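Q: I have a structure I would like to understand better, so I am pasting it below and will then ask my questions one at a time.
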Amino acid sequence: MSRQQQSGVGTVVASDTVLRPYRDLFARGLTAVLALTTPVFAVLYWLTIPDGDWTYVLVVHVLVVLATLLGVYAFLSATITLRPDGVRERGFFGRTRFVRPIDVGSIVLVRLYDGSTLDTLPQLFITDHDGRVLIRMRGQFWSVEDMERVAEEFDVPVTRPEDFMTMTQLRRRSPELLYWFERMPRFR
């Protein structure tokens, strides 16, 4: 995508940069859906065809295929576009948000432990002046290079805590950065 802008000297072409989530997630997700549903539906068809009740299985199978196609579309549509006038995010569920540099109050890039392992994943939080999250990029979906590129679009210093954190530590320090369901402690 490119846009032409008029300048005093001539025409300057400014292009948008489109960032996409890891593509291997798509293949892994589709493989998981097929691996889980194919044997189940094969057995259900095998059990129901002799009795003539297979139409119910077919209806459920079609619904599962439609839900999978909807998930594929949502994944392939998710983008972050770097534009000269700001950043446009189109999320997995279709919500589009445009963030101008003037809207940004702070940027935080943390490294969170991934579950009970010693592996860490980055998470980028871009907030407004009131502390509300405008854009959140999770390391499960976005590369750290993409996070750095997005952070560079704004003239705001990036806060990078030195220590890696657990989700519990992040929940205690900055609960406003998390989704509502992530703020609740996990019961064991």
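Q: Under the definition of Cα pairs under 8 Å and six or more residues apart, what whole-number percent is the relative contact order of the chain? Could you put the intermediate results ahead of the total?
A: Values: 240 pairs, mean separation 31.0, N = 188.
Once divided by the residue count of the chain, the mean separation gives 16 percent.
Q: Just to confirm a number: summing +1 for Lys and Arg and -1 for Asp and Glu over residues other than Gly105 whose beta-carbon lies under 14 angstrom from that of Gly105, what do you get?
A: Details: positive: Arg100, Arg132; negative: Asp103, Asp128, Asp130, Asp155, Glu176.
Within the 14 Å Cβ shell, the charges total -3.
Q: For the range 93-182, what does the relative contact order come out to in percent, with C-alpha contacts under 8 Å and a separation of six or more? Don't jump to the answer; show the numbers that get you there.
A: On the way: 125 pairs, mean separation 28.3, N = 90.
Over the range 93-182, the number comes to 31 percent.
Q: Quote the charge dipole size of the chain about the Cα centre in Debye, to the nearest 20; the model charges only the Cβ of Lys and Arg (+1) and of Asp and Glu (-1). If you can, show how the numbers build up before the last one.
A: On the way: 22 positive and 21 negative charges, 55 e Å.
Rounded to the nearest 20 debye, it is 260 debye.
Q: Right, here's the next one. Can you tell me what the convex hull of the Cα atoms of the range 103-188 projects to on average, as an area in nm²?
A: Numbers: hull surface 23.7 nm².
The orientation-averaged projected area of the Cα hull of the range 103-188 comes to 5.9 nm².
Q: Okay, next question. Taking the chain as the region of interest, what is the percent of Cα-Cα pairs per 5 angstrom bin, listed from the shortest bin to the one with the maximum distance?
A: Here the calculated profile for the chain is 1, 7, 12, 14, 14, 14, 11, 8, 7, 5, 4, 2, 1, 0, 0, 0.
Q: Suppose R0 equals 41 Å; then what is the FRET efficiency for Leu76 and Arg100 from their Cβ-Cβ distance, rounded to the nearest 0.05?
A: On the way: r = 26 Å, r/R0 = 0.64.
Plugging the Cβ-Cβ distance into 1/(1 + (r/R0)^6) gives 0.95.
Q: Let me ask something additional. Using helices alone, what [θ] at 222 nm do you get for the chain, with -39,500 (n - 2.57) per DSSP H run of 4 or more residues, divided over all residues and rounded to the nearest 500? Before the final figure, lay out each step's value.
A: Working: 4 runs with 65 residues, N = 188.
The helix contribution divided over the chain gives -11500 deg cm²/dmol.
Q: Something else now. I'd like to verify something in the chain: which complete DSSP H helices, judged by Cα projection on the helix axis, reach 15 Å or more and average at least -0.5 on the Kyte-Doolittle scale? Spell out each step's value before the answer.
A: On the way: long enough: 24-48 (36 Å, 1.33); 54-77 (34 Å, 2.05).
Membrane-span-like by this rule: 24-48, 54-77.
Q: Using every Cα-Cα pair within the range 24-77, state what percent have a distance larger than 12 Å. If you can, show how the numbers build up before the last one.
A: Working: 974 of 1431 pairs.
For the range 24-77, the share of Cα pairs beyond 12 Å comes to 68 percent.
FYI, it's all coordinate maths here, none of it is from the lab. This one's a predicted model, so the numbers in the text were calculated from it and none came from an experiment. In this analysis, Cβ positions are derived from the backbone assuming ideal geometry, glycine residues included, and neighbour counts consider all displayed protein chains.
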